[in-house]
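> My questions will all concern the structure given below.
The values are calculated or read from the model by the stated rules, or taken from the named source; none is laboratory data. Everything quoted here is computed from the prediction, not taken from an experiment. Reconstructed Cβ throughout: ideal geometry from the backbone, glycine too, with neighbour counts over all protein chains shown. Surface areas here come from the heavy atoms of the whole protein model, side chains and all, with no ligands, DNA or RNA. Shrake-Rupley method; radii C 1.70, N 1.55, O 1.52, S 1.80 Å.
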2 protein chains.
Amino acid sequence: MSQQQRDALDQLLRDAPLDLGGDVAEQRVIFEEMMAAIPVPADVTTSSGSLGGISVVNVEAVGADHAKVIVYLHGGAYAIGTAASSVGLASDLARRAGARLVTIDYRLAPEHPHPAAIDDAVAAYRGLLDSGVAASAIAIAGESAGAGLAAATLVSLKHAGLPQPGAAVLMSPWADLTLSGESISGRAAVDPALTPEGLARRALDYVADGDPAGELVSPIFADLTGLPPLLIQAGSHEILLDDATRLAARAAVSDVAVSLEVTPGVPHVFQGFAAMLDEGDAALTSAGEFLRSHLAGAPP
Amino acid sequence: MSQQQRDALDQLLRDAPLDLGGDVAEQRVIFEEMMAAIPVPADVTTSSGSLGGISVVNVEAVGADHAKVIVYLHGGAYAIGTAASSVGLASDLARRAGARLVTIDYRLAPEHPHPAAIDDAVAAYRGLLDSGVAASAIAIAGESAGAGLAAATLVSLKHAGLPQPGAAVLMSPWADLTLSGESISGRAAVDPALTPEGLARRALDYVADGDPAGELVSPIFADLTGLPPLLIQAGSHEILLDDATRLAARAAVSDVAVSLEVTPGVPHVFQGFAAMLDEGDAALTSAGEFLRSHLAGAPP
């Protein structure tokens, strides 16, 4: 794990044109261009599809066990990003997990505030169940807002009386839209990617006239009882660090099997930079092993 | 992982004669008898010794890499327990880590309050360095008070200008002698082994006229910057659950590589019951893999 790699990524992010709190239309274009820079490996096949009425991109790497499926929820502060732009990171996770993956175009704010995104995630999951896939063969994974959305979706599945998936992987979850974590200010100086102001703007868009502390908006406040095994990963150089540690603590006291992995000196969703950062590679490998061990049919 | 196993262990602990807050002389005898019930495997050799002037028990399993050493700190609320009584659990960890182990007879309260235990742990560690073992080939591990002591020892090593070991494993750490965690009361009903009153009594013995919130007494309040990779494990059925989650959060914000693993429905130091509890077995295996990957000389 090299300090040089970490420094290079930090500078790259500080120089990046993305402003998460900026004009949505402009930032969506910039985000797509940034994410398109993450290469989709040659052994990965993608196809557009639909699941439970929701547009998705199907992702399958050579050698994946078709019976195991990761439902993937992309990042972008609930306002930015697409299923297609998530394929680089999502396929990297899917390959290491030995599973196929479906990444979802859930509706975005401000056009579609909460609970549109959760409704879409639940609809896609229900569509997967209806297609004959066992819940125990499904994992939900996501990054940033997508990871917070993943946690909220699990709570929503419980409310809906649907079976929980076999596991979930939450990379740098945004799980508190009230921005009450100490790290929101405490880590601002070392976070090269996110700003409190940017998150605050996007939280307003997503929450609209709802309650920012509602359990489906900010799952750190939810009763997490009954959720499947969770792997939560974060970098120590992100203002959302406390979202990860508090979500883990909340899961623990809810009698959920939870693993938290914090990697020092790396930013928000550092797994997306695995090609240039050993820590990203190691975290994705760990997430893949976690999914292999928790999805039905995997060897013990 | 069977509910039957968890129920059996819960009942065993509720029926056990140990009263951690009871008379020290009596409880020491009872604790020794309980710990002696954990079998020492046939492939493990033990011998008494001394390290930096501290009495220790050397533990070595067949096939261990002699170059790698785990320094082990037993549990018992700083007042109870011995190196000898820790050999069952410690040897189980050492075998899975492929390392030899030295378990330390640090001085106990109330006869020897803080900082006697830390002084002894540091002296033994220094003795190991002086014997020619590289810091990167050493891990510190402990359970309960021994895990809190391990964290405090790492902070103390930093203050002393000594090199940090390669890693540390903290099983159910008691890391807050002010007992300020919500789980102290919130988990009391489900904890079959520990009581708030018992811990409060032993905290008085150990802290004596010191500050219970001092960083070497309660490392959740310490600056943990510079510590090596930590694996923290806890059960969700223990009143010390918040000590584990808060220590992990503190390590994270101190830019320490930290993994937290919380196993639902199991008690304090459930790893000691690996022979009857699948979750204990799985946690020890995970701890062994963590140590293999972090001690110098291990394959990548």
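> Among the residues of region B:133-152, are any under 24 Å from B:L291 (Cα atoms), within 14 Å of chain A (Cβ to nearest Cβ) and touching a residue at least 60 places away in the same chain (Cβ under 8 Å)?
no
> So B:A252 clears everything in (1) surrounded by fewer than 22 Cβ atoms within 10 Å (Cβ to Cβ); (2) within 11 Å of another protein chain (Cβ to nearest Cβ) except one condition, right? Which one?
For B:A252, the failing item is (1).
> Considering only region B:18-34, state which residues are closer than 17 Å to B:G272 by Cα and either open to solvent by 40 Å² or more (accessible area, probe 1.4 Å) or of a type in the set (G, A, S) (or both).
The answer is B:L18, B:E32, B:E33, B:M34.
> Please count how many residues of region A:86-143 are touching a Gly at 6+ places or on another chain (Cβ under 9 Å), hydroxyl-bearing (S, T, Y) and assigned to a helix (DSSP H, G or I).
Residues flagged as touching a Gly at 6+ places or on another chain (Cβ under 9 Å), hydroxyl-bearing (S, T, Y) and assigned to a helix (DSSP H, G or I) within region A:86-143 amount to 3.
Let's see how each residue does on (1) more than 18 Å from the chain's Cα centre (by Cα); (2) of a type outside the set (D, E, K, R); (3) open to solvent by less than 20 Å² (accessible area, probe 1.4 Å):
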position: A:L12; (1), (2), (3): yes, yes, no
position: A:D15; (1), (2), (3): yes, no, no
position: A:A37; (1), (2), (3): yes, yes, no
position: A:D43; (1), (2), (3): yes, no, no
position: A:N58; (1), (2), (3): no, yes, no
position: A:H66; (1), (2), (3): yes, yes, no
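> Just give me the residues in region B:1-57 being within 25 Å of B:A203 (Cα to Cα), outside any loop (DSSP other than H, G, I, E, B) and in contact with a helix residue (DSSP H, G or I) (Cβ under 6 Å, 6 or more places away or on another chain), in sequence order.
Answer for region B:1-57, where residues must be within 25 Å of B:A203 (Cα to Cα), outside any loop (DSSP other than H, G, I, E, B) and in contact with a helix residue (DSSP H, G or I) (Cβ under 6 Å, 6 or more places away or on another chain): B:E32, B:M35, B:I54.
> Which of the numbered conditions does A:L149 fail, given that it passes all the others? Conditions: (1) part of a strand (DSSP E or B); (2) closer than 19 Å to A:L230 by Cβ.
All conditions pass for A:L149, except number (1).
> Name the residue, out of B:L204, B:L260, B:L247, that is buried (at least 20 other Cβ atoms within 10 Å of the Cβ) and outside any strand (DSSP E or B).
Exactly one of B:L204, B:L260, B:L247 is buried (at least 20 other Cβ atoms within 10 Å of the Cβ) and outside any strand (DSSP E or B), namely B:L247.
> Also, I was wondering about something else. Residues that are at pLDDT 95 or above, part of a helix (DSSP H, G or I) and over 15 Å from the mean Cα position of the chain (by Cα): does region B:158-165 have at least one?
Scanning region B:158-165 turns up at least one residue that is at pLDDT 95 or above, part of a helix (DSSP H, G or I) and over 15 Å from the mean Cα position of the chain (by Cα).
> While we're here: Filter region B:185-201 for residues that are away from chain A (no Cβ under 14 Å), open to solvent by 10 Å² or more (accessible area, probe 1.4 Å) and hydrophobic (A, V, I, L, M, F, W, C); which is nearest to B:Q11 (Cα to Cα)?
Ranking the candidates gives B:A193 first.
> Would it be correct to say that B:A274 is in contact with an Asp or Glu (Cβ under 6 Å, 6 or more places away or on another chain), among the hydrophobic types (A, V, I, L, M, F, W, C) and either open to solvent by 10 Å² or more (accessible area, probe 1.4 Å) or over 24 Å from B:S183 (Cα atoms) (or both)?
yes
> If you scan region A:213-237, which residues turn out to be closer than 25 Å to A:Q271 by Cα, more than 10 Å from chain B (Cβ to nearest Cβ) and in contact with a Pro (Cβ under 7 Å, 6 or more places away or on another chain)?
Once the filter is applied, which keeps residues that are closer than 25 Å to A:Q271 by Cα, more than 10 Å from chain B (Cβ to nearest Cβ) and in contact with a Pro (Cβ under 7 Å, 6 or more places away or on another chain), region A:213-237 yields A:S218, A:P228.
> Considering only residues that are more than 7 Å from every other protein chain (Cβ to nearest Cβ) and not in a helix (DSSP H, G or I), which ones fall in region A:263-279?
Selection gives A:V266, A:P267, A:H268, A:V269, A:A274, A:A275, A:M276, A:L277.
> Identify all residues within region B:280-291 that are within 13 Å of chain A (Cβ to nearest Cβ) and surrounded by 22 or more Cβ atoms within 10 Å (Cβ to Cβ); write none if there are none.
B:A283, B:A287, B:F290
> Go through B:L73, B:L108 for me and flag whichever is hydrophobic (A, V, I, L, M, F, W, C) and open to solvent by 20 Å² or more (accessible area, probe 1.4 Å).
None of the other options fit; the residue is B:L108.
> OK, next. Return the only residue of A:T245, A:T195 being under 23 Å from B:L241 (Cβ atoms) and among the β-branched types (V, I, T).
A:T245
> Any idea which of (1) crowded, with 24+ Cβ neighbours inside 10 Å; (2) within 14 Å of chain B (Cβ to nearest Cβ); (3) touching a Lys or Arg at 6+ places or on another chain (Cβ under 9 Å); (4) within 23 Å of A:A109 (Cβ to Cβ) is the one A:L177 doesn't satisfy?
(2)
> Which one is nearest to the chain's Cα centre (by Cα), of the residues in region B:207-244 that are among the polar types (S, T, N, Q) and open to solvent by less than 30 Å² (accessible area, probe 1.4 Å)?
The residue in question is B:Q233.
> Just one of the numbered conditions (1) free of Cβ contacts under 8 Å to residues at least 40 places away in the same chain; (2) within 14 Å of chain A (Cβ to nearest Cβ) is not true of B:H294; which one?
Result: B:H294 passes all but (1).
> Does B:I239 satisfy the criteria of being touching a His at 6+ places or on another chain (Cβ under 9 Å) and either among the acidic types (D, E) or in contact (Cβ under 8 Å) with a residue 24 or more places away in the chain (or both)?
It is true that B:I239 is touching a His at 6+ places or on another chain (Cβ under 9 Å) and either among the acidic types (D, E) or in contact (Cβ under 8 Å) with a residue 24 or more places away in the chain (or both).
> Out of A:R100, A:R126, I need the residue that is open to solvent by 10 Å² or more (accessible area, probe 1.4 Å), in contact (Cβ under 8 Å) with a residue 12 or more places away in the chain, closer than 28 Å to A:G235 by Cβ and more than 15 Å from the chain's Cα centre (by Cα). Which one?
After ruling out the rest, the residue left standing is A:R100.
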